[in-house]
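Engineer: A single structure is presented below for examination.
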Amino acid sequence: MDVKRARVGDIVIMKKPHPCGENRWEVVRTGADVKIKCLKCGRVVMLDLLTFEKSLKKVVEDDG
């Protein structure tokens, strides 16, 4: 199984857009749970790692 990894500061695209219309998110925290922040409205969402990996489409930018 190919595991997609995102680090803090990465910009990721999720499969489903946020209700505000944006599908790009910034990774704020990683671990057993992943905290992501919507780049349009600033809403912060926390997902468990398995749900995050299933919902992740691709990593657009990384911080380094």
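Every number in this text was worked out from the coordinates using simple rules, so none of it is lab data. What you see is a predicted model; the values in this text were computed from it and never measured. With ideal geometry, Cβ positions are generated from the backbone for all residues, glycine too; neighbour counts draw on all protein chains shown.
Engineer: Kindly indicate whether Val34 is over 8 Å from the mean Cα position of the chain (by Cα) and outside any loop (DSSP other than H, G, I, E, B). Give the steps one after another, and end with the answer.
Structural biologist: Values: over 8 Å from the mean Cα position of the chain (by Cα): no; outside any loop (DSSP other than H, G, I, E, B): yes.
So Val34 fails the test.
Engineer: While we're looking at this one, here's another question. Could you grab me the full set of residues in segment 31-63 that are within 14 Å of Ile13 (Cβ to Cβ) and of a type in the set (Asp, Glu)?
Structural biologist: Hits for segment 31-63 are Glu53, Glu61, Asp62.
Engineer: Which ones in segment 21-40 are of a type outside the set (Val, Ile, Thr) and surrounded by 12 or more Cβ atoms within 10 Å (Cβ to Cβ)? Show your work before the answer.
Structural biologist: Looking only at segment 21-40, we keep the residues that are of a type outside the set (Val, Ile, Thr), and these are 21-26, 29, 31-33, 35, 37-40.
Answer for segment 21-40, where residues must be of a type outside the set (Val, Ile, Thr) and surrounded by 12 or more Cβ atoms within 10 Å (Cβ to Cβ): Glu22, Asn23, Arg24, Trp25, Glu26, Arg29, Asp33, Lys35, Lys37, Cys38, Leu39, Lys40.
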